[in-house]
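Everything on this sheet refers to the single structure shown next.
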Amino acid sequence: MKTIGVVRRIDDLGRIVIPKEIRKSLRIKDGESLEICLDSENIILKKYSELNNLGDFYKNYVDSINSYIKENIIIVDRNSIVAIAGDLKKKYVNKNISPEIDDIIQKRNIVVEKEYKDITLVINNTEKASYIIAPIIVNGDAIGAVIMLSTTRNLDDFDVKTISIASKFLGKYIEE
């Protein structure tokens, strides 16, 4: 475990302040949830993601869509790629998403680029592709997105409907 030499006191309500530098480097935003874990005598704080809790389900879900559509299908939370199927899998698996993708998720609108355009899916890596990004909304909160990304063809209205349905399904599934 890496130590950084910062000591903080717990106040009388049991709260502790995580230094701004640490929150910034780990991309922890105000109001974001953290998971508290115990490991023998250590308290571990982890960024919480509702999407990460069902990892195997999401992997099977994107694999199923990919087997029919034959395009890159990606599920992201507000921080990283949770599941991916397609040609770009090895390139992007377990990478942090770019601020551009996080902004799209926060705006809660479906973004469609049917023609090739540059997109920065993860930090420091740009693809020229046609793409669809549909936010996953759970109890009114945008928690992630389903993305279809094609480097081989222009996407069409059928693809838009497919990804829209996929994101709505995941939102409803997580709510229940």
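The values are calculated or read from the model by the stated rules, or taken from the named source; none is laboratory data. This is a predicted model, so every value here is computed, not measured. Every residue, glycine among them, receives a Cβ derived from its backbone with ideal geometry; neighbour counts consider all protein chains shown. Heavy atoms of the whole protein, side chains included, go into the accessibility calculation; ligands, DNA and RNA do not. Shrake-Rupley method; radii C 1.70, N 1.55, O 1.52, S 1.80 Å.
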For LYS24, only one of the following conditions fails: (1) modelled with pLDDT under 80; (2) crowded, with 17+ Cβ neighbours inside 10 Å. What is its number? (2)
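Can you tell me which residue among ASN66, ASN94 is in a loop (DSSP other than H, G, I, E, B), of a type outside the set (Gly, Ala, Ser), within 26 Å of MET148 (Cα to Cα) and without any contact (Cβ under 8 Å) to a residue 40 or more places away in the chain? Walk me through it before giving the result.
On the way: ASN66 fails: in a loop (DSSP other than H, G, I, E, B).
Every option except ASN94 fails the conditions.
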Consider the stretch 1-36. How many of its residues are of a type in the set (S, T, N, Q) and within 25 Å of the chain's Cα centre (by Cα)? 2
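Go through the stretch 100-125 residue by residue and tally those that are assigned to a helix (DSSP H, G or I) and open to solvent by less than 80 Å² (accessible area, probe 1.4 Å).
Adding up the residues that qualify gives 6.
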Taking the condition without any contact (Cβ under 8 Å) to a residue 60 or more places away in the chain, of a type in the set (S, T, N, Q) and open to solvent by 40 Å² or more (accessible area, probe 1.4 Å), does ASN79 pass? no
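May I ask you to say which residue of THR162, THR152 is in a helix (DSSP H, G or I) and under 19 Å from SER67 (Cα atoms)?
Details: THR152 fails: in a helix (DSSP H, G or I).
Only one candidate qualifies: THR162.
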Taking the stretch 143-156 and keeping residues open to solvent by 10 Å² or more (accessible area, probe 1.4 Å) and over 12 Å from GLU115 (Cα atoms) leaves ILE143
In the stretch 130-142, anything surrounded by fewer than 23 Cβ atoms within 10 Å (Cβ to Cβ) and among the hydrophobic types (A, V, I, L, M, F, W, C) is listed as ILE137, VAL138, ALA142
Please go through the stretch 107-121 and give me each residue that is more than 11 Å from THR151 (Cα to Cα) and either out of contact with any strand residue (DSSP E or B) (no Cβ under 6 Å at 6 or more places or on another chain) or of a type in the set (Ser, Thr, Tyr) (or both), ordered by number. LYS107, ASN109, THR120, LEU121
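Can you tell me which of LEU45, LEU54, LEU34, LEU38 is crowded, with 17+ Cβ neighbours inside 10 Å and modelled with pLDDT under 85?
One residue alone meets the criteria, LEU54.
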